[in-house]
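Where a number appears in this text, it was derived from the coordinates with a stated rule and is not lab data. All values derive from a computational prediction rather than experimental measurement. Here Cβ is always computed from backbone atoms with ideal geometry, including for glycine, and neighbour counts include all displayed protein chains.
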Amino acid sequence: MKTKLAVFLGLGLLVSLLLAGVVSNAASSSPDGLDATARQGCTFDANDNITGGDCLARSEKEHAAKDSPFAGYGIKSIHNSALSTGLSGVAGVLLVAAIGGGLFWLLRRRQPAATAATAADGAPVAKPGER
């Protein structure tokens, strides 16, 4: 049973890494639904600056982590955009897998230490759910 679970989790991780590393480069560079909705009601020039209208995008501010190594869906120090995007996706998958795996390991259901033990008076200890 554990072997099947390990194969399943391994294949899931492999597929996730392939999607993050390869397919992520085919993602659309067009604004997503949130960006498109925030831009409704404004007009923009060729440099994507707001030239008129009233929209949510007018109150947009710089992100606090804009200078972080992974800002902008890429790795800042890698100048090849396809490689940068792919590697940042792979790093994200590995980070999420490590955090998730660590949490599952910490919170896993453990066998009680006295499963087959006896009480101090010699009587067998009942398993949980038994009387």
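A few points about this structure:
- Of all residues in the stretch 23-38 being in contact with a helix residue (DSSP H, G or I) (Cβ under 7 Å, 6 or more places away or on another chain) and small (Gly, Ala, Ser), the one that is nearest to Lys61 (Cα to Cα): Ala38
- Failed item in (1) among the small types (Gly, Ala, Ser); (2) assigned to a loop (DSSP other than H, G, I, E, B); (3) touching a Lys or Arg at 6+ places or on another chain (Cβ under 8 Å), with Ala57 passing the rest: (2)
- A search for C-beta distances below 9 Å between a residue of the stretch 2-31 that is in contact (Cβ under 8 Å) with a residue 60 or more places away in the chain and any residue that is aromatic (Phe, Trp, Tyr), counting only pairs 6+ apart in sequence or on different chains, returns Ser24/Tyr73.
- Across the stretch 3-39, the number of residues qualifying as over 16 Å from Gly72 (Cβ atoms) and outside any helix (DSSP H, G or I) comes to 1.
- Residue within the stretch 35-52 that is closer than 22 Å to Leu95 by Cβ, surrounded by 12 or more Cβ atoms within 10 Å (Cβ to Cβ) and either touching a residue at least 24 places away in the same chain (Cβ under 8 Å) or aromatic (Phe, Trp, Tyr) (or both) present: no
- Hey, Ala46 farther than 26 Å from Ala98 by Cβ and touching an Asp or Glu at 6+ places or on another chain (Cβ under 9 Å) or not: no
- Complete set of residues in the stretch 66-115 that are free of Cβ contacts under 8 Å to residues at least 12 places away in the same chain, surrounded by 11 or more Cβ atoms within 10 Å (Cβ to Cβ) and in a loop (DSSP other than H, G, I, E, B): Pro69, Ala71, Gly72, Lys76, Ile78, Asn80
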